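The structure appears below as structure tokens.
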């Protein structure tokens with residue numbers, strides 16, 4: 001039987017008080033790992049059920065998990081595993097009551113994170129299964145398991161009492177020293193815990209870039225779970241959910257109104273099916289079994305279009321996905337021309353406000369206890385806000401999305417630029433693992449780092465929208481992060497903070513404010529240097545009380561009225577600043593510094 005290695009770091013058990021409560025903060029008790037033929041498992045023993053957040057994209061070689069309200073008395077430490085799945089694991093304290101667990105993988109692969117409740121002789125546990133990459137065989141694993149992992153000692157900073165250390169005696173792990181008034185927790189071998197039998201063991205496949213050549217899964221058959229579609233004004237997205245990465249090939253067109261994709265290594269449990277789409281792009285789609293573990297997916301178009309096919313790896317609760325984007329060039333051109341009509345409005349001194357309803361399509365955003373989806377609430381807010389701003393007579397508002405479909409973050413910024421936006425407002429609902437967290441907040445861009453850890457985590461969550469909603473890995477022509485317009489970007493940020501302050505002041509009249517000032521972080525959707533941009537978190541959809549508020553039309557209207565009033569108050573400020581020479585505006589900070 002395959003040898004399994006146990007690595008326990010029994011940490012100090014002195015009580016750590018929670019500020020303002022006088023209660024002990026739950027502690028990380030031990031860290032253990034074991035290597036098997038399918039995966040490497042790392043188990044964190046904890047004093048209480050953990051609140052955690054995964055901060056990494058699915059195709060990253062680094063998996064980062066943030067633990068909230070968790071005591072790490074001995075400070076940072078590192079564990080070497082080196083079994084061709086995980087190189088090492090590093091655990092660092094974060095701020096006052098948190099910890100960051102970072103897994104350095106040998107190569108990008110699939111992982112699963114879940115919790116286990118206490119049992120007779122076991123505490124709460126956070127379990128991380130990192131699955132063996134394709135191509136790494138059991139023979140390869142045997143070579144790595146002959147070497148026991150070694151934990152490196154962490155240097156103790158001056159002035160901090162040394163915590164218990166992970167020691168090694170004759171090849172075995174020794175128990176860490178613990179206070180005499182507390183019995184030590186013994187480091188016992190980790191029993192073999194089978195993964196939860198929720199689904200078949202996933203297979204990690206690293207897909208290549210989309211192309212005409214077929215690709216095949218490394219082994220096994222991928223079952224088709226579901227096939228879905230979303231309709232946008234100029235394109236339609238078809239998504240096939242599978243329990244593994246399929247092989248596919250785009251077949252040559254014999255009919256300009258039919259796209260056909262050959263699927264290999266795929267099982268259709270429900271057999272063939274035909275789905276009527278009936279939008280301006282696709283009339284219907286037909287899925288047919290063909291041969292052994294093969295299928296053919298045909299898309300019947302309204303007019304000739306373009307097809308883009310790509311694979312998405314599992315991310316959060318999303319399985320492997322095969323995405324087919326079909327666009328109509330004539331509709332794309334029509335949409336672009338409609339955005340350019342705003343030039344005539346600007347000539348008539350109309351102010352252009354672009355409203356971005358966050359998430360959409362395959363990306364629901366945060367979900368409330370009553371299963372209310374953020375994407376639905378923010379779309380309702382956007383439609384209402386558009387009507388109110390248009391009713392002012394001096395403002396024309398436009399939406400980045402007008403229905404339930406996904407738009408990549410960079411495309412949202414590009415659309416606002418094509419509209420010639422004077423202001424950009426991105427609407428969201430916040431979410432938290434704690435249902436008690438509530439409040440309204442405003443966020444702006446930062447080029448120097450986040451205002452605080454919570455804001456950084458929120459920015460990472462919002463920026464992960466592309467991973468959830470799904471975008472091709474094809475390179476973009478222009479990356480906003482490389483725009484060399486520092487002065488203009490700084491000017492736009494300053495204007496955004498002023499606009500955000502006005503909006504926050506008005507929203508404070510209708511709901512509790514989480515932060516008294518706008519917070520800042522690297523939000524991708526706010527990165528245009530051409531106009532002020534703010535991100536509004538209307539309320540916490542995960543808070544039962546605020547979820548009910550967000551569902552009510554009356555509260556939605558009050559939120560939109562508050563934003564409208566703030567925008568109306570900001571327009572004269574914007575006009576006065578535009579009347580001054582632009583160069584003077586950009587140079588003023590430097591003159592103040594020198595004077």
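Read-outs: derived from the displayed coordinates by stated rules, not from any lab. Worth saying up front: this structure is predicted, and the values here are computed from it rather than measured. Neighbour counts run over all protein chains shown; Cβ positions are idealised from the backbone, glycine included.
Quick notes on this one:
- Relative contact order [Cα under 8 Å, 6+ residues apart], region 222-330, whole percent: 29
- Residue exposure proxy: 434, 528, ordered by other Cβ atoms within 10 angstrom of their Cβ from fewest to most, comes out as 434, 528.
- Ranked for footprinting exposure by Cβ neighbours inside 10 Å, fewest first, 415, 388 give 388, 415.
- Theoretical gain in end-to-end length, residue 62 to residue 274 [0.36 nm per residue, Cα-Cα removed]: 72.3 nm
- At q = 0.15, 0.16 Å⁻¹ the log10 of I(q)/I(0) for region 222-330 amounts to -0.59, -0.67, computed by Debye summation with a single uniform scatterer per C-alpha, solvent ignored.
- Residue 554 paired with residue 435, simple spin-label distance in nm, labels 7 Å along Cα-to-beta-carbon: 2.4
- Sorted by Cβ neighbour density within 10 Å, fewest at the top, the residues 66, 540: 66, 540
- Pairwise label distance in nanometres, residue 306 with residue 490, each label 7 Å out on the Cα-Cβ vector: 3.8
- Per-peptide average of other Cβ atoms within 10 Å, ordering 510-521, 247-258 highest first: 510-521, 247-258
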